[in-house]
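Just below is one structure, and these are the notes that go with it.
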Amino acid sequence: MKDRREYDVRKRLVRQIETIPDATRTSLVASCAAAGLRLALLMAMVWAFVTFQPAQWLLPLLMLGAVPLLRALENLGGHEGGHGNWLRKRPRLNDWFANSLAAWWVVTSAQSFRKKHNEHHHHFGEAADPCFTRFSMFHFAQMKSWRKFLAALKSEYLPYLREYWQIYSPVKLSQILRTLLLHGTVMVIGSQFCAGFWRGWLLLVILPFLLILPVFRMLAESEEHNYDGRDELTDSHNNLGWFSRLYLHPAGDAYHKLHHVQPAIPHHRMRSVHLQLMDMVPEYRDSHAKQSPRS
């Protein structure tokens, strides 16, 4: 009975989405602009740091400032690219743009992300769901407060890091070489115009990517689902607080419940479709009210 009700609600939601003009229409320009803006902001932040040499106590804040930009590149490149949400009718071009402007900068690719992530959608809440496996393995269900999350971080950070890069998003030598080439090119060219640019890039981009971003990725994953066995719609969360939207779930990922209803909605149309569904479908509005604990 529960499965039938979920099926009916999802079917109604999908039908309503189909009535919204251009709800699933991709825009290569919008996606390129979103990724290009993040890369430009990273470069501008490094240039300002090297040029003005702010007080050393500002360095940790600047490193934290790089995290949402890197998170956005992960979402735009791997997640959005993996779903074909850059250029749906031209899959090869979709992957090339998503990779070169976003995914390769953060040691992933649309193709590798797609392979594992599709299992998450096709086998939600089952043993074959890689996100459910990590959710159980790292006790995300117990992280119902900031205090518990920080306590769990001590014991679960390194295992999480190893599982993410070795199993969920397996890194190949070719991906590492591409990433090194991209970052190396930026550091060399940047240093021609701004002395010490390469040092700033290492401090404000590479180090946050390696050491800080995984913490916030882990936190973001703990907010996306509950996996309490009710249904996919109820067990998936929108996280629309300002910190979640801007820092943990940028580039449309904050609308995660909506994404599980229709993965073909691109990041730049998420907010508009969400607001219309809130007006049109009471079940979606009621389900949206059940947010993750820290949202």
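Note on Ala264 and Arg147: their simple-model spin labels are 4.7 nm apart, each label 7 Å out from Cα toward Cβ.
Calculated FRET efficiency, Asp22 to Gln111, Cβ-Cβ distance, R0 = 30 Å: about 0.65 to the nearest 0.05. Calculation over all alpha carbon pairs of the stretch 68-211 in 10 angstrom steps from 0 returns a P(r) of 11, 32, 35, 18, 4, 0 percent. The value obtained for the stretch 27-88, namely the Cα convex hull volume divided by the number of residues, is 58 Å³ per residue.
Remark: the stretch 2-288 carries a charge dipole of roughly 440 debye about the Cα centre, counting +1 on each Lys and Arg Cβ and -1 on each Asp and Glu Cβ. Residue pairs exceeding 26 angstrom between C-alpha atoms, taken from Lys115/Lys172; Lys115/Lys154; Lys89/Lys116; Lys11/Lys89; Lys172/Lys257: Lys115/Lys154; Lys172/Lys257.
Using a simple spin-label model with pseudo-atoms 7 Å out from Cα toward Cβ, Gln56 and His122 lie 5.3 nm apart.
So which residue, out of Thr133, Thr185, Thr19, gets the largest mean-square fluctuation from a GNM of the chain using Cα contacts under 10 Å as springs? Between Thr133, Thr185, Thr19, it is Thr19 that shows the largest mean-square fluctuation.
The fraction of all Cα pairs in the stretch 1-153 landing in successive 10 Å bins from 0 to the largest distance is 10, 24, 31, 26, 8, 2, 0, given as whole percents. If the segment from Arg90 to Glu232 were pulled out straight at 0.36 nm per residue, it would be longer than the present Cα-Cα gap by 48.2 nm. Computed over the stretch 36-126, the convex hull of the alpha-carbon atoms projects to a mean area of 7.2 nm². Compared with the dominant principal axis of the Cα atoms in the chain, helix 28-52 is inclined by about 40°.
Mind pulling the angle between the C-alpha long axis of helix 270-280 and the longest principal axis of the chain? Nearest 10 degrees, somewhere in 0 to 90. Roughly 20 degrees, rounded to the nearest 10.
What angle, in degrees between 0 and 90 and rounded to the nearest 10, separates the Cα long axis of helix 173-193 from the longest principal axis of the Cα atoms of the chain? Long axis of 173-193 versus the principal axis of the chain: about 50 degrees. Of Ala98, Ala72, Ala152, the residue with the greatest mean-square motion in the GNM of the chain, using alpha carbon springs below 10 Å, is Ala152.
With the largest listed first and rounded to whole Å, the semi-axes of the equivalent ellipsoid of the stretch 2-288 from the Cα gyration tensor are 33, 22, 18.
Estimated from the Cβ-Cβ distance and a Förster radius of 41 angstrom, the FRET efficiency linking Ile189 and Trp165 is about 0.90.
Most fluctuating residue of Trp57, Trp104, Trp47 in a GNM of the chain with Cα springs under 10 Å: which is it? Between Trp57, Trp104, Trp47, it is Trp57 that shows the largest mean-square fluctuation.
Bear in mind that the values in this text are calculations on the coordinates, not laboratory data. Note that the coordinates shown come from a computational prediction; the quantities given were computed from them, not determined experimentally. Glycine also receives a Cβ, built like all others from the backbone with ideal geometry; neighbour counts cover every protein chain displayed.
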